[in-house]
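The values are calculated or read from the model by the stated rules, or taken from the named source; none is laboratory data. Keep in mind it's a predicted model, so treat the numbers as computed, not measured. FYI the Cβ positions are ideal-geometry reconstructions off the backbone, even for glycines, and counts take in every protein chain you see. Remember, those area values only see protein heavy atoms, side chains included, never the ligands or the DNA or RNA. Shrake-Rupley method; radii C 1.70, N 1.55, O 1.52, S 1.80 Å.
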Amino acid sequence: MKLIKGGTVIGATGPYPGDVLVDGETIAAIFAPGRAPDGPDVIDATGKYVIPGAIDAHTHMQLPFGGTEASDTFDTGTRAAAIGGTTTIIDFAVQRYGEVVLDSLAAWHGKADGNCHIDYAFHQILGGVDDDALKSMDQLVNHEGITSFKLFMAYPGVFYSDDGQILRAMQKARANGAMIMMHAENGPAIDVLVKQALERGETDPLFHGLTRPQELEAEATSRAIWLAGVAADCPLYIVHLSASKALEQVKAARDLGRNVFAETCPQYLYLTLEDQLGAPGFEGAKWVCSTPLRSKHESHRADLWQGLRTNDLSVVSTDHCPFCMKDQKELGVGDFSKIPNGIGGVEHRVDLLYQGVVDGKLSLARWVETIATTPARMFGLYPRKGVIAPGSDADIVVYDPNGRTRISVETHHMNMDHSAWEGWEIDGRVDTVLSRGEVISANGEYTGRAGHGRYVKRGLSDYLL
Ligand code: DUC
Ligand code: ZN
Ligand code: ZN
């Protein structure tokens, strides 16, 4: 048994002093200070926060993309996640057009099983919605613990689904209780803008952002919401929402009581089209991701922080999809459209969002909700994960609010040759991490191992009406 003693537990209603007793893999009890029995090994949390291990509901380990593959394996990526205070990831199994869904899921288990340092679950990407794929949605929900399906309105010829395919998948989800996750950008319109830009000789990374204007994110978000309405209010979760106008669509739907949810990511809360994507030369390639970073001259970042406060944005995930500059991002030298899309950040989400608390943009309770509790509830992991409560898995982070974190390629653990956050110094520091009762990281020393992480079958979302 272990006792995490002297800390401040952060729950859904706010902070309170409590000593957390861990018995084996689960939390046994929470005691008022000084009331716990003597005997267990003590982890001293004096002056620190005790929070549920964070859940990153959007990662892409080893994703084949743009002629290469995301550079973190399930081993390196989940190790980095653990060090950063994330104790569960939900990655995406990928079915491409023409592939059998169950084969693609087996392939993802082949990549992940036995290699993860923390617990993991899957969503399923459907890159080709056909009769077989629709049938397999029931199989995945009922037997494989996969209750959410990502569709793409972008990337024609790669992952793209047309409106008819989207509607059919939504109808199936409405019937079996699954969530539809949407990459909401108008891909065919973006492809026109990309072609025109390249014809004008506009080849730098900045043009990746300029050819994906927020109107095309807002239009796709709105269309997805309308289509979900036609499918009897199928539950819809907009992934990596980046822009004010897209947020307006989500907000309007939620104000009508619709089953519509959205996530954003740290890169959209902090980074910008001008400062990062527009960096000199080819440097901006580090920040090529889709949806793209938005202009600092508009109100996106302030609106997204506000959306997190009002719950129009429910979750912060990373969309962790790392590519090295060398041999990977470099594929797009002279043609931004060939730069593999993605930013790596699975290690830094807990700290970056804690900075929002320090800056007065989020409450402590909302910090924990957006990085742990709501992702657990949204994706059928609650109350096993996402909360400090008796009976829950002892996935726990002791967080030091007086510590400091310096982010750099020199010190990070992700398999990347650069950092999107190079040189950032922020308040707060992950002190100790427990995964199912095992201390896997403490005081900068990592003691976890590949293979400790187990596949978790998920239930339906708590938020469905
Ligand atoms: N966006 C990215 O930036 N990378 C992978 C896929 C996606 O939708
Ligand atoms: Zn996406
Ligand atoms: Zn993604």
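A few remarks follow.
- Full-stretch length increase - Glu425, Tyr446 - with 0.36 nm per residue and alpha-carbon distance subtracted: 5.4 nm
- Reported value for region 345-435: 112 Å³ per residue, from the convex hull of its C-alpha atoms.
- Here the simple spin-label model places points 7 Å from the Cα toward Cβ, and for Asn176 and Asp335 these points are separated by 3.8 nm.
- Across the accessible surface of the chain, with the other protein chains kept in place and a 1.4 Å probe, carbon and sulfur atoms take up 50 percent.
- Net charge in the neighbourhood of Lys245 (other residues with Cβ under 11 Å of its Cβ; Lys, Arg +1, Asp, Glu -1) is -4.
- Check: the chain dipole with +1 on Lys, Arg Cβ and -1 on Asp, Glu Cβ, in debye: 860 debye
- Kirkwood Rh (inverse of mean 1/r, distinct Cα pairs), region 1-45, angstrom: 10.5 Å
- Antiparallel DSSP beta bridges within region 1-126, as percent of all bridges there, nearest 5: 45 percent
- Compared with the direct C-alpha span, the chain from Val358 to Asp23 gains 117.3 nm at full extension, assuming 0.36 nm per residue.
- Between helix 101-112 and the chain: long-axis angle, C-alpha atoms, 0 to 90°, nearest 10: 50 degrees
- Between the C-alpha center of region 140-164 and that of region 38-90 there is a gap of 25 Å.
- Spatially proximal lysines relative to Lys385 (Cα-Cα < 30 Å; intrachain offsets below 8 disregarded): Lys2, Lys5, Lys48, Lys111, Lys135, Lys150, Lys172, Lys251, Lys361, Lys457
- Beta bridges per DSSP with both ends in the chain, % antiparallel, nearest 5: 45 percent
- Electrostatic dipole magnitude of region 149-285 [Cβ: Lys, Arg +1; Asp, Glu -1; Cα centre; debye, to 20]: 700 debye
- Projecting label points 7 angstrom from Cα along Cα→Cβ for Val230 and Asp275 puts them 4.1 nm apart.
- Inter-label distance, nm, simple model (7 Å from Cα along the C-beta direction), Asp41/Thr68: 4.1 nm
- Against the chain, whose longest principal axis comes from its Cα atoms, helix 349-358 is set at around 70 degrees.
- Principal axis analysis of the Cα atoms in the chain yields extents of 71, 49, 42 Å, listed in decreasing size.
- Estimated [θ] at 222 nm from DSSP helical runs (n ≥ 4, -39500 (n - 2.57)) normalised by residues in the chain, nearest 500: -8000 deg cm²/dmol
- Entry comment: accessible area of the chain is 35 Å² per residue, from protein heavy atoms only and a probe of 1.4 Å.
- Farthest toward positive dipole pole in the chain [+1 Lys/Arg, -1 Asp/Glu at C-beta], among Gly451, Gln276, Gly360: Gly360
- Helix 74-83 vs. the chain, principal-axis angle (Cα, 0 to 90°, nearest 10): 50 degrees
- Mean Cα-pair separation over length for the chain, i.e. relative contact order, pairs under 8 Å, 6 or more apart, %: 22 percent
- Segment Glu199-Glu283, length gained on full extension (0.36 nm per residue, minus Cα span): 28.0 nm
- Percent antiparallel among DSSP beta bridges (both partners in region 9-53, rounded to 5): 90 percent
- Of the residues Pro213, Gln139, Trp287, the one whose Cα sits farthest towards the positive end of the charge dipole of the chain is Gln139 (charges of +1 on Lys and Arg Cβ, -1 on Asp and Glu Cβ, taken about the Cα centre).
- Counting only Cβ charges, +1 for Lys and Arg and -1 for Asp and Glu, the dipole size of region 178-253 around its Cα centre is about 120 debye.
- Dipole-positive endmost among Leu241, Val230, Thr203 within region 194-254 (Cβ charges, Cα centre): Val230
- Across region 311-451, C-alpha contacts under 8 Å between residues 6 or more apart give a mean separation that, scaled by the residue count, equals a relative contact order of 21 percent.
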